[in-house]
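A.B. asks: Can you keep this structure in mind? I'll have questions shortly.
The values are calculated or read from the model by the stated rules, or taken from the named source; none is laboratory data. What you see is a predicted model, and the numbers here were worked out from it, not measured in a lab. Every residue, glycine among them, receives a Cβ derived from its backbone with ideal geometry; neighbour counts consider all protein chains shown. What goes into the accessible areas is simple: the full protein's heavy atoms, side chains included, and nothing from ligands, DNA or RNA. Shrake-Rupley method; radii C 1.70, N 1.55, O 1.52, S 1.80 Å.
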Amino acid sequence: MSAFQIKNLRRRLENISSEATDELNKACGHDLWRNIGFDAFDGLKDLARKERANYYYGQWQVARDLQESLK
């Protein structure tokens with residue numbers, strides 16, 4: 001992969017991570033999910049918010065794992 005492609009990939013991963021973080025904060029109403037993980041939104045009563053949080057948590061984890069592998 002060229003340096004340009006890696007830079008572009010890092011930017012895209014940062015955008016995905018940022019969007020997921022914003023959506024998780026909205027769904028949970030706080031940012032404790034960063035420390036607690038699934039437990040922060042597993043107890044949400046609203047099923048739609050819980051599903052959205054699960055989806056974005058998966059997106060956030062994948063982006064973070066890929067970012068770590070590019071270091």
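A.B. asks: Return only the number of the condition from (1) free of Cβ contacts under 8 Å to residues at least 60 places away in the same chain; (2) open to solvent by less than 60 Å² (accessible area, probe 1.4 Å); (3) out of contact with any helix residue (DSSP H, G or I) (no Cβ under 8 Å at 6 or more places or on another chain); (4) among the hydrophobic types (A, V, I, L, M, F, W, C) that residue 53 does not satisfy.
C.D. replies: Just one mismatch for residue 53, condition (3).
A.B. asks: Out of the residues in region 30-41 meeting the condition of being under 20 Å from residue 16 (Cβ atoms) and not acidic (Asp, Glu), tell me which one is most open to solvent (accessible area, probe 1.4 Å).
C.D. replies: The residue in question is 34.
A.B. asks: Related question: Checking the conditions here, which among 13, 24, 44, 66 is surrounded by 12 or more Cβ atoms within 10 Å (Cβ to Cβ) and not in a helix (DSSP H, G or I)?
C.D. replies: None of the others qualify; the one that does is 44.
A.B. asks: Right, here's the next one. Could you list, in sequence order, the residues of region 27-71 that are among the hydroxyl-bearing types (Ser, Thr, Tyr) and more than 10 Å from the chain's Cα centre (by Cα)?
C.D. replies: Hit for region 27-71 is 69, nothing else.
A.B. asks: Moving to a separate point now. Which residues, counting only those in region 1-25, are under 19 Å from residue 57 (Cβ atoms) and touching a residue at least 12 places away in the same chain (Cβ under 8 Å)?
C.D. replies: Those that are under 19 Å from residue 57 (Cβ atoms) and touching a residue at least 12 places away in the same chain (Cβ under 8 Å): 13, 14, 16, 17, 19, 20, 21, 23, 24.
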